[in-house]
Amino acid sequence: MSQAAAILSHDDNLLSVVEANDRFLQAFRQHQEKDGAISQAATVWRDRILKFIQTNHVADSFEIRRDGKLGPEYFMCTIGRLPADADHPELYLFTATDRTSERTVEKNLRRELLSDGLTALPNRTGFGEEIDDRIANSVWPDNAQFGIIAIDLSRFSRVNESLGPMAGDELLITVAKRLKSSLRQGDVLARIGGNDFAIFARLNNGLSDALHIVQRIKEALSSPIRLSDLQIRVDCAIGCALSTSLSDDPDDIVRKAQAAVKIAKCSGKVEIYRNGVLKEAQRRFSIESRLRDALAQGGLSLAYQPLIHLHTGEITGFEALARWDDAELGHVSPVEFIAVAEESGLITPLGRWAAYEAAQALSRWDARFGQPMPVGVNVNLSPIQMARDDVASMFEEALRYSGIAGHRLTAEVTESAIIADPDKARKLLFALKDLQMPIAMDDFGTGFSNLASLHSLPIDILKIDRSFVSNMLEDRDKTVIVRTILSLAESLNLKVTAEGIETQELAHALQQLGCWQGQGYYFAKPMAEQDAFDYWRARWNFETV
């Protein structure tokens, strides 16, 4: 036979070899003689054969593992009964096939499946198995719990973009080594994403143990890492989640830690998971998924809030505001879905849709009126969209497709968008001016723009943020701020729009201060396209404030 084989006999609970080939002798008999005694592996296969003999089964199979010269050896063994008669005792055929190479390949493949090829740390799947093994096979004191510490390397993508992927890999390897040096015995470090690491830790003293590990992590990453001729300081966001008992699902704790680290990226502090955070993350995911469908299927709409000339009462234009009512989620606040859109990258198609739809609405109004209406529409630009999209090309297409003159479409940008990348913002604003578009600086007063940049940029309108306007009559300091902004705008030959006008008293006060334009619930709430047209027609002959 091609595999190790022997014919065995059984007498008085002893096994004897009647016949055997050379492969059997080399693999089993000689192995036993070299050991000088019956090895544990030999005892295993003999015990399995003796148990088989005591049954009525015709055949059986099993695998044995033993230590060889070059490491573990594996054999797939079979045992079967041979025909017997009155003149011959019952004999048994034993065969063993060497499966060592197959098991080695399986082990290597499993190691690759469960580990990260770059850092040699467990990957996400391997991390889960390591956690299960630690919980099941370690001795845990009473009331002990475990925690997951999630670590997200900040600005890692910039290293890849500026220095190349090899430098990024080197950075990850160095960070992995430093993080490993901060672990205690029994802790498990894994790389669970591109620049995401996680630590499983046994917490005998609850949160204090977790915070102690966090402190060790910060110390390990405090000194700069040298890449080529550069020294790079590694910043990271850290989030923690603690189990309530050992029966908690580890995957659930990992998800909670990742939800906490997402908050830490915004707050700049170590965040501990709080109840409800995971639900918030799941809602954001639902919003992202449904918003993607809504953009593809035309599920959003624009509402239009009038812009009123404070001295004449004339409607000078409308601000276009995105609105979303979803079949599953119900009414979703713009504050909520725009934040999700900016985080997920959907702000680019959302912003494009808003620009095209606003221009088309103007075109439809003109068609109903029979000639171009003396109003325009303001469209908000997200800083994320300004950074990622070709905004000038977007507006050029919106104007061309709708047949609207550029001066009727105003781009509203925020101070923060200009401050984030002044050179790029400057090029964009001048490109918009080439399209004859007015430009409004939204939420003015909440950022940190300086007068020099304000004077050099092609801005036409300052919009005073509602936080200064809404209660300026009760807060003298805010009145001073509004008056200062109006004076500044006058000196720079800029017009001013005040947001958040809720009462007639506010409207009159701003009018007396010389404010050009206002918007707010005192005049009208945002309304549907048809209602906005009807509102304008009803006030076309002008009306005083």
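The values are calculated or read from the model by the stated rules, or taken from the named source; none is laboratory data. Note that the structure is predicted; figures quoted are calculated from it, not measured. As a convention, Cβ positions derive from the backbone with ideal geometry for all residues, glycine included, and neighbour counts pool all protein chains shown.
So here's what we get for this one:
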{"item": "Residue within the range 221-243 that is at pLDDT below 85 and under 24 Å from Trp140 (Cα atoms) present", "result": "no"}
{"item": "Some residue of the range 477-497 being assigned to a loop (DSSP other than H, G, I, E, B), in contact with a helix residue (DSSP H, G or I) (Cβ under 9 Å, 6 or more places away or on another chain) and within 21 Å of Gly376 (Cα to Cα)", "result": "yes"}
{"item": "From the options Glu271, Glu280, residue that is acidic (Asp, Glu) and farther than 19 Å from Asn205 by Cα", "result": "Glu280"}
{"item": "Of all residues making up the range 354-378, the number that are under 35 Å from the mean Cα position of the chain (by Cα) and either touching a residue at least 60 places away in the same chain (Cβ under 8 Å) or farther than 19 Å from Ile338 by Cβ (or both)", "result": "4"}
{"item": "Residue selected from the range 244-256 under the condition aliphatic (A, V, I, L, M) and out of contact with any Leu (no Cβ under 9 Å at 6 or more places or on another chain), by the criterion modelled with the lowest pLDDT", "result": "Leu246"}
{"item": "Considering residues of the range 456-480 that are β-branched (Val, Ile, Thr) and surrounded by 18 or more Cβ atoms within 10 Å (Cβ to Cβ) only, the residue nearest to Ala509 (Cα to Cα)", "result": "Val469"}
{"item": "Qualifying residue in the range 98-120 (condition: touching a His at 6+ places or on another chain (Cβ under 8 Å) and at pLDDT below 85)", "result": "no"}
{"item": "Close pairs from the range 246-265: first within 18 Å of Arg124 (Cα to Cα), partner in a loop (DSSP other than H, G, I, E, B), Cβ under 6 Å, at least 6 apart", "result": "Ile253/Ser243; Lys256/Tyr273; Ala260/Tyr273"}
{"item": "Failed item, numbered, when Glu415 is tested on (1) over 24 Å from Met441 (Cβ atoms); (2) in contact with a strand residue (DSSP E or B) (Cβ under 8 Å, 6 or more places away or on another chain); (3) acidic (Asp, Glu)", "result": "(1)"}
{"item": "Tally of residues being under 14 Å from Val375 (Cβ atoms) and outside any loop (DSSP other than H, G, I, E, B) across the range 287-313", "result": "6"}
{"item": "Test result for Ser245, farther than 15 Å from Ser154 by Cα, of a type in the set (S, T, N, Q), in the same structural domain as Pro141 (by TED's automatic domain parsing) and part of a helix (DSSP H, G or I)", "result": "no"}
{"item": "Members of the range 433-466 found to be part of a helix (DSSP H, G or I), under 22 Å from Ala420 (Cα atoms) and modelled with pLDDT of 85 or more, listed by number", "result": "Lys433"}
{"item": "Residue check for Gly164: of a type outside the set (Ser, Thr, Tyr), at pLDDT below 85 and exposed (fewer than 15 other Cβ atoms within 10 Å of the Cβ)", "result": "yes"}
{"item": "Meets criteria (part of a strand (DSSP E or B) and among the hydrophobic types (A, V, I, L, M, F, W, C)) for Ile217", "result": "no"}
{"item": "Subset of the range 407-425 (residues that are assigned to a helix (DSSP H, G or I), crowded, with 19+ Cβ neighbours inside 10 Å and over 25 Å from the mean Cα position of the chain (by Cα))", "result": "Arg408, Glu415, Ile418, Ala425"}
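The rows are residues; the columns are (1) modelled with pLDDT of 95 or more; (2) closer than 14 Å to Met437 by Cβ.
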residue: Leu350; (1), (2): yes, no
residue: Trp353; (1), (2): yes, no
residue: Tyr356; (1), (2): yes, no
residue: Gln360; (1), (2): yes, no
residue: Arg364; (1), (2): yes, no
residue: Met373; (1), (2): no, no
residue: Val379; (1), (2): yes, yes
residue: Gln385; (1), (2): no, no
residue: Asp389; (1), (2): no, no
